[in-house]
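Just so it is clear, none of the values below were taken in a lab; they were calculated from the coordinates. Being a predicted model, the structure only gives us computed values, none of them experimental. Every residue, glycine among them, receives a Cβ derived from its backbone with ideal geometry; neighbour counts consider all protein chains shown.
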Amino acid sequence: MRSTVRRAVCPGSFDPVTNGHIDIISRASFLFDEVVVAVGVNKSKSRLFSADERMDMLSEACRQFPNVRVDGFAGLLTSYCQEHDVHAIVKGLRAVSDFDYELQMAQMNSSLAEIETVFVPTSPEYSFLASSLVKEVATFGGDVSGLIPDFVLELLTARLAERNQEASS
């Protein structure tokens, strides 16, 4: 029997969290009783920030939403959902290309578990925004201050400086 709590998961790598991510999480928090921001932990992928660092950033960024919590997961998202009584996945869509991929994922997830995917269109001001783009622009000295929370900008700037220091050593 399903829980009466409408619980959803917002999955991602969040490396780093952007204002676009926060926008989708915020809007999901109005649609569901509880939202779990699930940070994918994949040891084979190289990330700028560790899973714990990404979860800490998200916890800080989502502090303003009382019905949002942050957790990590490894393996299949559908397995995580089944283990935590989650029946909806919230995905932000930036462009038609996102829809093509996310529709396939939604259909696959639905075939694996009793789970619905809810697509939330990204707010227009964030339609171009991706963590990879933020990292690339910041790496070359571009201003990403309006794209990520201030505390994330400080962490990103420090991490990139560390990487530059290591590369020049």
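Observations on the model:
- Gained length - Arg6 relative to Ser79, 0.36 nm times residue gap less alpha-carbon distance: 24.5 nm
- With distances taken between every two different alpha-carbon atoms, the stretch 7-127 has a Kirkwood hydrodynamic radius of 14.5 Å.
- Derived from the Cα gyration tensor, the three semi-axes of the equivalent ellipsoid of the stretch 66-144 are 28, 16, 12 Å, largest first.
- Loop-resident sites, the stretch 122-169, for chymotrypsin sites (Phe, Trp or Tyr not before Pro), counting at most 13 other Cβ within 10 Å (DSSP): Phe128, Phe140
- Taking a straight Cα-Cα cut-off under 12 Å and skipping sequence neighbours fewer than 8 places away in the same chain, the aspartates and glutamates within cross-link reach of Lys45 are Asp15.
- Footprinting exposure proxy ranking of Thr157, Thr117, fewest other C-beta atoms within 10 angstrom first, gives Thr157, Thr117.
- Over the chain, DSSP H runs of length four or greater, each weighted -39,500 (n - 2.57), average out per residue to a 222 nm ellipticity of -14000 deg cm²/dmol.
- Net +/- balance of residues flanking Asn67 in space, Cβ distance below 11 Å, scoring K and R +1, D and E -1: +1
- Debye equation applied to the C-alpha atoms of the stretch 1-71, log10 I(q)/I(0) at 0.14, 0.23 Å⁻¹: -0.42, -0.96
- The mean sequence separation of alpha-carbon pairs under 8 Å and at least six residues apart, normalised by the residue count of the chain, gives a relative contact order of 27 percent.
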